[in-house]
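Comments concern the structure below.
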Amino acid sequence: MEVTVTGLNALAFPHMHIWDWRVALYLFLGGLSAGLAVMAAVLHLRKNGELVEGEAASWIAPLCVPVVLGLGMLFIFLDLEHKLNVYRLYLTVQPLSPMSWGSWGLLAFFPLSALFVLATLPERLYGWLMLDSLRNLARRLTESVRIIAFINLLMGIFIGIYTGVLLSSFVARPLWNSSILPVLFLLSALSAGAALMIIVSRSLAAKLFFTKLDIFLIAAEMTVLPLFFYGQYTSSSAHRASILPFFAFTHEYLWFGSAIILLGVIFPFALVLKLLEIREGHVTALTPAVLFRMNLSAALVLLGSAIVRFAFVYAGQLSHYL
Amino acid sequence: MPRYAMVIDTRRCISCMACVVACKAENDVAPAHFRTRIREEISGTFPDLRAETRSELCNHCDNPPCVYNCPTRASYKNEETGMVLLHKNKCIGCKACIAACPYDARYVDPVKGVVDKCTFCDHRIAAGKQPACVATCVGGSRVFGDLDNPNSSVSILLRQHPSEVLLAGAGTEPRVFYIKHYRTPR
Amino acid sequence: MKNFCSRRQFLKISGATAAGWAMASALPPWQMLSAAEIAAAEGRYVATYCEMCFWKCGAFAKVVADKVVKLEGNFLHPHSRGVLCGRGNGGLGLLYDPDRLKAPLIRTGERGDGKYREASWDEALSLVAEKMGKLATDYGPESLALFTHGSATSHFFPLVKAYGSPNVAMPSFAQCRGPRVAAYDITTGSDIGSPERLDMANSKMVVLLGSHLGENMHSSQVQDFTQAIGNRAKIVVVDPRFSTAAGKADYWLPIRPGTDMALLLAWTHLILKNHWYDAAYLEAYANGLEEMIGQYDEYTPEWAAKETDLSPAVIIETAQLMAKNAPAVALHPGRHVTWDGQDVQRSRAIIILQALLGTWGRKGGIYLASKAKLPPLPAGKAYPKPGRPALNRGGYPFAGGEGVTNVVRASTLSGQPYPIKGWFVSGTNLLAALPNPDETRAAIKQLDFLVAVDMMPTDTVVHADVILPECSYLERHDSIAQLRGRDLRLSIRQPAIEPLYNSKPGWWIAKELSRKLGLEAYFPWQTYAEKLEEDCLAWDIDFDELKEKGVVLIPNSENAYIAPGNPPVFKTASKKIELYSEELELLDFDPLPRYVRNEQPQADEFRLLYGRSPVHTFSRTVNNPVLNELFSENELWLNPRPAAKLGLKNGDYVALVNQDHIKKGHIRLKVTERIREDCVYMVHGFGLQSERLSKAFNRGVSDQELISKYVVDPIAGTTGMRVNFVRLQKEA
């Protein structure tokens, strides 16, 4: 069939390109902060708080959450075409718009993560808090740290899902229009959070704990990702066509082919590294070599998570409902 | 209460672009941007060829994904007329509506920095005129009117001929109908 | 009203339900405006007629704060019937094209190198007058030729006639409709007119030969064509290319280019042999049927099938259909019919078929032109008799009053029968219009003087010694158009806004020039509005009504179909349709069309076909920002099989080399099933070389540059141009 279209919008030609690296980075950083919030909460909640003892990550990780989140929100803000109107997001609730409940969610998540920071900040660092009232608040919050951690865990899961739902709600974009996508994004967010925990935590116990957790998450991600492609492949022709960029391996789709190959290497490699770490008695002390291997595998997981966001943001815009 | 709709008779569309140019002038659409377009499809091999020519525009869906995906209620469905319209003063330019539209009917106005789209020329309708694209359609391919009025030309055409909508499977319930074949005369 | 708001503000009100954010506090949405404010924002409407092409559609220009913001069709106007085509809507692009000619220019460098200086109107016109005076002294006034097209003609033809030259030439004849005009002249005594009086809206069958209606965007005609489609008329399209019209057809006949005559003769053969003709009609209105009998025996469908590469069955089937649907058959005579130099005879073959089917004057066929008459205008001062006879018809017996451009060009080059030393060019880009532009360039070199009047710095304009910037049709008065179709109507052109920049209306330029030449007696009015009012007075037309409505209908002026008391009028010698032309026979031409085989391309060559885009009028509109956006560069259509053989794919750029080794490149390939394997096709008017056309300069390829060969029709002097063959070379 020869198709000639006259009068296509610049934004839709030769294919839609409305969202670029800013949105991909936002989704990555938003997911990372969500995953980190969950993992920081887990650190506080698991084993009756044993892991927290003497562990700097107990306050560094919560501190990272609003910082990473703020950075992410900066990038989505940069993507808005009409930034001055941004307050309009908060004059209405649009239950069918993920963008709407996402922006409300972020609005809630930000102070909640800040409370988490206050609750976990060691007293020796109270000097950072400029106001007495803040110090008092922090002191009082410390008592309810487990409740705050739990709320942050729930909030983290919510935001982790939201970053995927944001894309999956569009019938017009078959690559995104899958309910597996939010699950995939959540898993990817959680594994990235766990990876960052491995990097920021100091104690061997905490590192090994998150390594184990990450193994499950990576394994789940490695199950869901092929399932996602399988689901697309066995769906309508538009869905099937939507995954073409990943598997065509042509010059035109160079970046997407590379992404899928990279993911195919990164995840198993990180997984093997991690499995090696947790072999019974294998690691007894944090030697530089051990630290390097752990940080490397964690960095790979973070990279994989970023690749997933970038690949999906860009490839989804190539896909079209018939 | 009028239920506005457009019927496009593809047999009579000769891809002359009159609608495209008229729309741009009427609505001051920025260069390289369009609210309506012409699609020509040729299938078969020489000399057994078939052609379909049609104009496309916002479908003013009854189940509009752009409206659902708008976080600020800038995009809305006018309950009185059924037109899918935009409060430009509420638009933050998040482009979710553009991603949501399976018809690529929306764009970001590079001058105003907000999303824009076909309005069915509601300002002309209010003044008792036809949309600019319909008023200038040389082939008589584009017809606009009220579905609730059984004597409107759209109602008559839809009764007379089989019609389809674009991407019916997307569930958007468009208000733009395409007549591709005439009912065979009895 | 003028200061109510700027255009952008206005559109913010009108274009949306809510004003843009910046204006949200300043201006209420349109629903909240008072009636008076809405009226102000809606602006005023000025009736006029369009000149984006030469169909002259009636239009209203919507003016807000001294800016034309929109054009709309005029319902009263028979050519537009309330709608405008893409080009008509795109008139704003011409009006506000930043590349427009803005001030008179006087050449400072060599002719053709594009160096000019701005001058005052007084200086520029004085120079033109001085050169014209010198020309008259040196060579006689007949040595000035006027090349013209469109409304400018009504201003500059009188000027040139008053000056003493009869030598006018319009490409609309020798490069376009000429053969058809001549053929009708010979056969029925009068042309089918422009608009062609085809009653397609009532036809049961429409037959197009190479007429790509839809791509050729003449509004009312395309409206009728789509009406025929809507009425489910049988559509037959004969075209080597699957045109837009072919896409609507019941029968697409992808004929071998250059063999249309064979098909027409075979159809005639079948109609004669099977007695499918309308005997009573022919008895009443035609001469020569007896002479035809026996003359078509050899033109069997089987013979024609070999020539045309069509199947005999489809030739028979379409002939049967014509017979069945006669007389409600609209057999289109074509408009641009200068194909192969046998064009008058081919046009005659069509007209003979129209007659055999009894279509002239019948519903669904060809309706009769209104016979209504307007009172004559008072005679102006008589023009001087030229010292030497006009050379612009070149001795071709049926060359029309529009003159033969290629003859005037040839005389410029040869100096025979007398020298042509000055060209006055208005409204036509000769380098894009005439075949073999090398000849045009050589002729321009021979000139003592070249003056051009135009809106845009076209390729021809930038060769002129003096360039006079005419304002666009939206900024000027022109003569009242007499629309003689089904009925008689008058239509006015009047300015929507004052001329922009330092441009002037054509009438003003002609009048001022006449003053400097001492010929002002031929322009006995102060303003053109005054002249139009006087004309209306003479015609007993309400000028105010005309100004307001744009169109005035002459009552009871319709006489479309043959009826008792309404016979058709044929202005031939026999007062009947002359199937067999004794007039031609006397001049040693074939009295009946017969088949002469055209040359066909070699195996590795393609016949170069050209045509139109619905958004462009030749080269005139290529730089129009509004239209250029939709079609900025022409493409070369090529069938996929030869493309594969040549290793070419869609989107590749190629150069074209014609039979005379002229190479032009590069042009983007459109590899498409929509064309035969033995020809290539491009839209005419591209590949412009004037650097002052910022959007059009060097975009695409000029078909005219590759048309170095042309075959002159011996009957009318017109130039057959589809006789060039090209080879393709891949470009990096």
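The values are calculated or read from the model by the stated rules, or taken from the named source; none is laboratory data. This is a predicted model, so every value here is computed, not measured. Here the Cβ is made from the backbone with ideal geometry for all residues, glycine too, and neighbour counts use every protein chain on show. Accessible surface is based on the protein model in full, side chains and every heavy atom, while ligands, DNA and RNA are left aside. Shrake-Rupley method; radii C 1.70, N 1.55, O 1.52, S 1.80 Å.
Points to keep in mind about this one:
- Some residue of region A:293-309 being over 30 Å from B:Ala105 (Cα atoms) and out of contact with any helix residue (DSSP H, G or I) (no Cβ under 8 Å at 6 or more places or on another chain): no
- Residue within region B:122-129 that is touching a Lys or Arg at 6+ places or on another chain (Cβ under 7 Å) and either within 11 Å of another protein chain (Cβ to nearest Cβ) or closer than 26 Å to C:Gln223 by Cβ (or both) present: no
- Filter pass, A:Pro268 being free of Cβ contacts under 8 Å to residues at least 40 places away in the same chain, part of a helix (DSSP H, G or I) and open to solvent by 30 Å² or more (accessible area, probe 1.4 Å): no
- Residue in region B:7-30 that is under 13 Å from the mean Cα position of the chain (by Cα), surrounded by fewer than 24 Cβ atoms within 10 Å (Cβ to Cβ) and of a type outside the set (Gly, Ala, Ser) present: no
- Of the candidates C:Gly258, C:Gly230, the single residue that is touching a helix residue (DSSP H, G or I) at 6+ places or on another chain (Cβ under 7 Å), farther than 27 Å from C:Lys571 by Cβ and either of a type in the set (Lys, Arg) or open to solvent by 10 Å² or more (accessible area, probe 1.4 Å) (or both) is C:Gly230.
- Of the candidates C:Gln342, C:Gln416, the single residue that is within 30 Å of C:Lys273 (Cα to Cα), among the polar types (S, T, N, Q) and open to solvent by 10 Å² or more (accessible area, probe 1.4 Å) is C:Gln342.
- On inspection, C:Val160 does not qualify as in contact with a helix residue (DSSP H, G or I) (Cβ under 6 Å, 6 or more places away or on another chain), of a type outside the set (S, T, N, Q) and open to solvent by less than 10 Å² (accessible area, probe 1.4 Å).
- Strands (runs of 3 or more DSSP E) lying entirely in region B:1-113 (those with 2 or more residues that are at the interface with chain A (Cβ under 7 Å from one of its Cβ atoms)): B:36-45
- Where strands (runs of 3 or more DSSP E) fall wholly inside region C:64-118, the ranges with 3 or more residues that are within 13 Å of chain B (Cβ to nearest Cβ), out of contact with any Pro (no Cβ under 8 Å at 6 or more places or on another chain) and not polar (S, T, N, Q) are C:67-73.
- Residues that are farther than 16 Å from B:His60 by Cβ and within 14 Å of another protein chain (Cβ to nearest Cβ) within region B:142-163 comprise B:Ser153, B:Ile156, B:Leu157, B:Gln160, B:His161, listed in sequence order.
- Filter pass, C:Leu609 being part of a strand (DSSP E or B), in contact with a Cys (Cβ under 6 Å, 6 or more places away or on another chain) and over 23 Å from C:Val461 (Cβ atoms): yes
- Count of region C:180-210 residues, restricted to those that are within 14 Å of chain B (Cβ to nearest Cβ) and open to solvent by less than 10 Å² (accessible area, probe 1.4 Å), is 3.
- Any chance A:Leu84 is at pLDDT 95 or above, farther than 30 Å from B:Ser43 by Cα and open to solvent by 10 Å² or more (accessible area, probe 1.4 Å): no
- Of the numbered criteria (1) closer than 25 Å to A:Val308 by Cβ; (2) of a type in the set (Phe, Trp, Tyr); (3) over 21 Å from the mean Cα position of the chain (by Cα), the one A:Phe77 fails is (3).
- Screening region A:1-17 for residues that are facing chain B (nearest Cβ under 7 Å) and more than 14 Å from B:Pro102 (Cα to Cα) and picking the one that is surrounded by the most Cβ atoms within 10 Å (Cβ to Cβ) gives A:Gly7.
- Annotation note: of C:Ile316, C:Ile351, C:Ile271, C:Ile293, the sole residue that is within 30 Å of C:His684 (Cα to Cα) and among the β-branched types (Val, Ile, Thr) is C:Ile351.
- Verdict on B:Glu164 being free of Cβ contacts under 8 Å to residues at least 40 places away in the same chain, closer than 24 Å to B:Glu79 by Cα and open to solvent by 30 Å² or more (accessible area, probe 1.4 Å): yes
- Checking C:Ala379 against (1) open to solvent by 10 Å² or more (accessible area, probe 1.4 Å); (2) within 23 Å of the chain's Cα centre (by Cα), the condition it does not meet: (2)
- Criterion (under 25 Å from C:Tyr561 (Cα atoms) and surrounded by 22 or more Cβ atoms within 10 Å (Cβ to Cβ)) met by exactly one of C:Ala266, C:Ala245, C:Ala286, C:Ala279: C:Ala286
Matching residues to (1) part of a helix (DSSP H, G or I); (2) without any contact (Cβ under 8 Å) to a residue 24 or more places away in the chain; (3) within 14 Å of chain B (Cβ to nearest Cβ):
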site	(1), (2), (3)
A:Gln94	no, yes, yes
A:Leu112	yes, no, no
A:Leu166	yes, no, yes
A:Pro174	no, no, yes
